[in-house]
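Here is the structure we will look at.
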Amino acid sequence: MLELTGISKSFGGVHAVRDVSFLLEAGEVRGLIGPNGAGKSTLVNLISGLLTPSSGTMTLNGVPLTGQSAHQRARQGIARTFQNLRVFPSLSVEQNIDVARYAGGSAALPEAAIRQFGLLDKLTLPANALSYGDQRRLEIVRGLALRPRILMLDEPAAGMNEEETEALGHALKWVQQQADCALFVIDHDLKFIMTLCDRITVLDMGSVIAEGTPQEITTNPKVISAYLGDDVSAVA
Ligand SMILES: Nc1ncnc2c1ncn2[C@@H]1O[C@H](COP(=O)(O)OP(=O)(O)OP(=O)(O)O)[C@@H](O)[C@H]1O
Ligand SMILES: [Mg+2]
């Protein structure tokens, strides 16, 4: 569905993303992992259209994305959340969701999603009155209100405790089954990623160093030396 071919991005002398190619299938749950500064957020910014690649091409169902604005890509079903929260702080939870709902042109409030992410009894609260975890969940529901075909999540479990992370994993599995939407998930919580994802892509210094099932990734020597290190025992 989404195909990247030879995507690179440099900031001055920094090669943040180098010659990245991959294919994301419809409905797939793909993890994206790698050390700090590996280029994960930059890659999501390139796909969502916030950044322009230095070289390479991207297509969605065969249609080139190059030259399309972030807004146009959102309309085509590419939604994302941010590593740093970007909810509208003074708008209510419901208004935050409505903004996306109108942008995506969908009529019904995604009530099932609101319930699934535990926000049904918080709709009238201003977003800045929510806990950090609830604000992160609001961002996801807001993304879903666009009725996306691909939802990209940049560290959705960051700052969540183990119980919250597990609940988030369940809610995201529900999204994959109910919303007919592919997920592209960045996180440093390996247990979360390994449990949730069908396949995982590993970035290191801007390049894809491995791609495969959680099992293949945890046993890949390159991935162990670049990123997993001793953590591998905790997830294998
Ligand atoms: N707007 C920018 N201007 C200059 N350099 C940037 C910019 N955005 C990212 N970089 C650099 O590109 C590299 C990749 O950064 P990126 O944020 O994509 O990493 P990441 O894998 O998301 O890391 P983390 O796990 O810490 O979030 C880093 O060296 C970073 O400093
Ligand atoms: Mg990042």
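Some observations on this one:
- Within the range 176-200, the set of residues being among the small types (Gly, Ala, Ser) and in a loop (DSSP other than H, G, I, E, B) comprises just one member, 179.
- Residue, nearest to residue 5 (Cα to Cα), within the range 45-76, restricted to residues that are among the aliphatic types (A, V, I, L, M) and in contact with a helix residue (DSSP H, G or I) (Cβ under 9 Å, 6 or more places away or on another chain): 58
- Each residue in the range 21-59 was checked for being under 16 Å from the mean Cα position of the chain (by Cα) and over 20 Å from residue 204 (Cα atoms), and 8 of them qualify.
- Residue 92 being over 23 Å from residue 189 (Cα atoms) and within 16 Å of ligand 1 (Cβ to nearest atom): no
- Annotation: of all residues in the range 147-156 being more than 16 Å from ligand 2 (Cβ to nearest atom) and part of a strand (DSSP E or B), the one that is nearest to residue 59 (Cα to Cα) is 150.
- Residue under evaluation residue 159, criteria (1) over 16 Å from residue 137 (Cα atoms); (2) part of a loop (DSSP other than H, G, I, E, B); (3) within 16 Å of ligand 1 (Cβ to nearest atom), criterion not met: (1)
- Pick from the range 155-182, criterion more than 19 Å from residue 131 (Cβ to Cβ) and of a type outside the set (Gly, Ala, Ser), ranking: surrounded by the fewest Cβ atoms within 10 Å (Cβ to Cβ): 177
- When residues of the range 48-78 are limited to those that are among the aliphatic types (A, V, I, L, M) and either within 13 Å of ligand 2 (Cβ to nearest atom) or under 20 Å from residue 12 (Cα atoms) (or both), the one surrounded by the most Cβ atoms within 10 Å (Cβ to Cβ): 51
- Test result for residue 89, surrounded by fewer than 18 Cβ atoms within 10 Å (Cβ to Cβ), within 16 Å of ligand 2 (Cβ to nearest atom) and more than 22 Å from residue 172 (Cα to Cα): no
- Single unsatisfied condition, residue 135 versus (1) more than 14 Å from the chain's Cα centre (by Cα); (2) over 22 Å from residue 45 (Cβ atoms); (3) in a helix (DSSP H, G or I): (2)
- Segments classed as strands (runs of 3 or more DSSP E), wholly inside the range 1-113, with at least 2 members that are under 19 Å from residue 211 (Cβ atoms): 2-11, 14-24, 29-33, 55-60
Let's see how each residue does on (1) in contact with a Gly (Cβ under 9 Å, 6 or more places away or on another chain); (2) among the β-branched types (Val, Ile, Thr); (3) modelled with pLDDT of 95 or more; (4) surrounded by fewer than 20 Cβ atoms within 10 Å (Cβ to Cβ):
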residue	(1), (2), (3), (4)
193	yes, yes, yes, no
199	yes, no, yes, yes
206	yes, no, yes, no
213	no, yes, yes, yes
224	no, yes, no, yes
228	no, no, no, no
231	no, no, no, yes
236	no, no, no, yes
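- For residue 18, the conditions (1) away from ligand 1 (no atom under 15 Å from the Cβ); (2) buried (at least 16 other Cβ atoms within 10 Å of the Cβ); (3) over 17 Å from the mean Cα position of the chain (by Cα) are fulfilled apart from (1).
- Subset of the range 15-43 that is out of contact with any Phe, Trp or Tyr (no Cβ under 7 Å at 6 or more places or on another chain), of a type in the set (A, V, I, L, M) and at pLDDT 95 or above - its residue that is farthest from ligand 2 (Cβ to nearest atom): 23
The values are calculated or read from the model by the stated rules, or taken from the named source; none is laboratory data. Fair warning: this is a prediction, and the values are worked out from it, not measured in the lab. Every residue, glycine among them, receives a Cβ derived from its backbone with ideal geometry; neighbour counts consider all protein chains shown.
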